[in-house]
Amino acid sequence: MDDHQKRNLTFFTIGLIFMLSGIEYAVILPTIWKYLQILEAPPYFLGLGLSAFSLSGLLTGPIFGLWSDRSKTTKSIILFSNVFEIAGNFMYFVGYSKWLLLCSRLVAGIGAGAGSSIFGFLTRSTRPEERAGIFAAIMAARQAGLLIGPAFNLFLRLCDFKLGPFVVNKYTSPGIFMCLLWVLLQFAVLAMYWDVPPIGSEEGAAGAVNLEMKREGEEAPLMGSDEEPVNTYRALGTDRSESSASIRISSSFSLLAEFLREEVVVLLTAQFITLFNQTALETMVTPLTQRYFGFGELGNSLMYSLCGVEVILGFFFVRWLSSKVADRAVLAVGLVICCTACIWCLVFLCNPRGGYGWELSAFIIGVFLQLLGLPFVAVSQVSLFSKVTAEKTQGFSQGVRRSVGGLATILGPLWAGGLTNNLYIMLGMMLALLLMITVSRHTFTFYFLIH
């Protein structure tokens, strides 16, 4: 099997990983609240359970990324991280107490931290001009998981039997189901995942190594033949120790300086604001549809399915568009669409008037615009971030980016949850954040600095 075939199978396997993460979210989210109620958990445990997964992924992402940067491999990291997904979902299945359920989401979230290593690998294994398209396909795979996940709930809710000492019902079955899927994924990773180099990069890498060796040879000091050998060896050992320490300190300062550059700050801010607004709107939508339109479980399920289809189509459109225009232009379009969506919601949804038909139409347009802008911003900011940060520390950099996003997914629902009856404040703040990142001088600097 040549490198091209290995590369395609590896990317397919990465798509499976992200699709499973979407399926896991979709099969657990609808039942976790009832599950916690059966275990006599107080209401705030729902927020804890949903945030626990993001919190552990937020903390472990940079660690896994640093590991991949130093080892230059990701296969072993994925196999290791999937063990936490398997263990966490099995703990969710067992579910003897609310604390075990909370710990199960914390443990499973550790496995999600490997996403930073995967994005680092994709950056090193793709050409800049094809990167945005591949990122779009990977993100679409997760959205596909979110879309087909509810279909699995159709048969999982029918489960009612015992598996040894464990009860399998509609609340515990998502845990054992996802546990089995992650076990199957381990075999897929073993069979179809390779840490392949970029296509056509072997000669370039060899040339770079030779050039580096030549430079080291030119810069190495010559030893005088009349010097005492023992003293010379001691001096060299001391110099090497001091040089190693200096290199480590210099690397740390260089890494810190990299994250303080204007374009990097802009992209991290865009990551935070986009996910903060997205999760805030997700939190707001269900109470809003119940209050104004009387949607039940069926109506909300249909709405989420249509939203999933729109987002998937959006990602594939951005995949095509990224081959035609620059990533920074895609980002600008996405931010403008998101601002338009927020303005629309502020005008037409905060104090709806005009009857049921007009209110429903205004709501549909607002949601459509918000979801339309999401793929533009998500794909472009990931692609641009991979281009403005150093390739050798890409895993750690992607870990920091995903940690920023994880923080947003924790704070977004907390912000929106307490303001479902004060939409002017909630949407006003979201619009202010979007306008800040859209019209800031850093954005314009960023447009001109990035190639």
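The values are calculated or read from the model by the stated rules, or taken from the named source; none is laboratory data. As the structure is a computational prediction, the values presented were derived from the model and not from experiment. With ideal geometry, Cβ positions are generated from the backbone for all residues, glycine too; neighbour counts draw on all protein chains shown. Note: areas computed on protein heavy atoms with side chains; ligands, DNA, RNA excluded. Shrake-Rupley method; radii C 1.70, N 1.55, O 1.52, S 1.80 Å.
List of remarks:
- Test: residue 116 is part of a helix (DSSP H, G or I), open to solvent by less than 10 Å² (accessible area, probe 1.4 Å) and either over 21 Å from residue 176 (Cα atoms) or at pLDDT below 90 (or both): yes
- Residues in the stretch 308-349 that are touching a residue at least 40 places away in the same chain (Cβ under 8 Å), open to solvent by 30 Å² or more (accessible area, probe 1.4 Å) and outside any helix (DSSP H, G or I): 1 in all.
- Unique match (being touching a Lys or Arg at 6+ places or on another chain (Cβ under 6 Å), assigned to a helix (DSSP H, G or I) and either modelled with pLDDT of 80 or more or on the phi > 0 side of the Ramachandran plot (or both)) among 397, 403, 383: 383
- Subset of the stretch 177-194 [open to solvent by less than 30 Å² (accessible area, probe 1.4 Å) and either of a type in the set (Ser, Thr, Tyr) or over 16 Å from residue 18 (Cα atoms) (or both)]: 193
- Taking first residues from the stretch 157-176 that are under 20 Å from residue 37 (Cα atoms) and partners that are open to solvent by 30 Å² or more (accessible area, probe 1.4 Å) and part of a strand (DSSP E or B), the Cβ contacts under 7 Å between residues at least 6 apart in sequence or on separate chains come to 168/161; 168/162.
Here's the yes/no breakdown for (1) among the hydroxyl-bearing types (Ser, Thr, Tyr); (2) open to solvent by less than 40 Å² (accessible area, probe 1.4 Å); (3) modelled with pLDDT under 75:
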site	(1), (2), (3)
364	no, no, no
389	yes, yes, no
417	no, no, yes
424	yes, no, no
427	no, yes, no
431	no, yes, no
451	no, no, yes
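- Scan of the stretch 1-21 for residues that are among the aliphatic types (A, V, I, L, M) and part of a helix (DSSP H, G or I), ordered by number: 9, 14, 16, 17, 19, 20
- Inspection of the stretch 73-86 identifies at least one residue that is farther than 30 Å from residue 158 by Cβ and not in a helix (DSSP H, G or I).
- Here the stretch 119-139 is the region considered, the condition is being buried (at least 23 other Cβ atoms within 10 Å of the Cβ) and among the small types (Gly, Ala, Ser), and the residue that is farthest from residue 316 (Cα to Cα) is 120.
- Selected residue (criterion: most open to solvent (accessible area, probe 1.4 Å)) from residues of the stretch 8-52 that are modelled with pLDDT under 85 and of a type in the set (D, E, K, R): 40
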